[in-house]
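Working notes, beginning with the structure itself.
Values quoted throughout were computed directly from the atomic coordinates according to the rules given, and no laboratory measurement underlies them. In this text, all values refer to a predicted model and were calculated from it rather than measured experimentally. So basically every Cβ, Gly included, is an ideal-geometry build from the backbone, and we count neighbours across all protein chains shown.
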Amino acid sequence: MVSRGNCWLSVKGIPDPIPLTGGDCFLLAPASTYALRDNPRTRARSFCEAAPKNRSNVIHYGGGGVPTTVISGWFSFGQMSVKPLKRLLPELILVKADQAQTLALHATLQLLASEMAEPAPGSEVMVNRLADILFIQCVRVHIASSSENCKSGWLRAIFDPKIGSALKAMHERVENPWTVETLADAAGMSRSAFALKFKELLGETPLEYLTNWRMYKATRLLQQDNRKLFEVAKSVGYDSDAAFSKAFKRVLGVAPKEYRRNAGARP
């Protein structure tokens, strides 16, 4: 968020720099490369050159021009969470200060700025919770804006009355023995029309999407040590742990037991 002043945002993959002013905020998809400049012609320097060396959260950089203050941060996601997020998010969500839906978002940003400026007991917890709320609000504003990015991909699919019904059914009853026919029934479409529209919107077949969703759910369950492998397999729609293990390794590149060991070793 640009809390005061002006700057230019450049994002790799987006041809032209974007002017930002006080109250504007932006959310970038995972692994995006970006630069903030006072002028589009200014050479960007590495963040490492500007980063404070004393563990401070505040960076002072440049000088001599009109002051600009930017509040920035990032979210960390598990390996399997990134794929659904890439489906959901465009490369850039830009929320301009004068957009109609931004009142609640700016209230959250002001609270966040206040917690960052004057840390107090519990500030870290407050910042993390406010950041979660901010993330949801940014996506809400993006959907409400009827952006071109909402007219294709996962967002369009989830709001499509028919394809959205099939996705909802998959998400809520992942253990169900779904077939293309039963998913088409949930969508109220013929099998061929459903399969064609699903792939057109999401870029993969219904069963490919289902398998990926099952593996995503399985990674969450595998982090619960008290769950046996067969119970995890059953919970995501597999009758045997052998069939589940084969699918899991095909999608993630490691066996479920190895994934569980690695997940337990991570801090």
Problem - Cα shape, the stretch 26-65, gyration tensor, a/c 1.5 rule - result: oblate
Problem - Rough spin-label spacing in nm, given labels placed 7 Å along Cα→Cβ, for N226 and I143 - result: 3.3
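Assuming a ≥ b ≥ c are the square roots of the Cα gyration tensor eigenvalues, decide whether the stretch 88-231 counts as rounded (a/c under 1.5), prolate (otherwise, with a/b larger than b/c) or oblate. Could you put the intermediate results ahead of the total?
Values: a/c = 3.53, a/b = 1.50, b/c = 2.36.
Oblate.
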Practice task
Calculate one ³J(HN,Hα) per residue across the stretch 57-63 by plugging θ = phi - 60° into the Karplus curve 6.51 cos²θ - 1.76 cosθ + 1.60, and present them in order as whole Hz with x for glycine and proline.
Solution key: 8, 10, 10, 10, 9, x, x
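Contact order normalised by length for the chain, with contacts defined as Cα pairs under 8 Å and 6 or more residues apart; what percent is it?
13
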Exercise for the section: Using label points projected 7 Å from each Cα along Cα→Cβ, tell me how many nm separate E175 and S32, to one decimal. Expected result: 3.8
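Going by how many other beta carbons lie within 10 Å of each one, how would you line up E204, E115, fewest first? Walk me through the numbers before you get to the answer.
Working: E204 14, E115 18.
Result, fewest neighbours first: E204, E115.
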Handout entry: Highest to lowest packing among 51-58, 252-259, 121-128, scored as the average C-beta count within 10 Å
Key = 252-259, 121-128, 51-58
Completion exercise
By the C-alpha gyration tensor axes a ≥ b ≥ c (rounded if a/c is under 1.5, else prolate when a/b exceeds b/c, else oblate), the shape of the stretch 153-265 is prolate
Exercise for the section: Mind telling me which of I59, I18, I133 comes out most flexible in a GNM of the chain, alpha-carbon contacts under 10 Å? Expected result: I59
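Which value at 222 nm does the chain reach when only helices count, each DSSP H run of 4 or more adding -39,500 (n - 2.57), with the total divided by all residues and rounded to the nearest 500 deg cm²/dmol?
Working: 12 runs with 134 residues, N = 267.
Computed ellipticity for the chain at 222 nm equals -15500 deg cm²/dmol.
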Fill in the blank from the handout: Ordered by fewest other Cβ atoms within 10 Å, a rough proxy for footprinting exposure, D38, D241, D132 read D132, D38, D241
Handout entry: Rounded to whole Hz, the Karplus (6.51, -1.76, 1.60) HN-Hα couplings of the stretch 155-171, x for glycine and proline
Key = 4, 5, 5, 5, 9, 6, x, 8, 5, x, 5, 5, 4, 4, 4, 4, 5
Completion exercise
Surrounding charge for M116, neighbours by C-beta under 15 angstrom, Lys/Arg +1, Asp/Glu -1, total 0
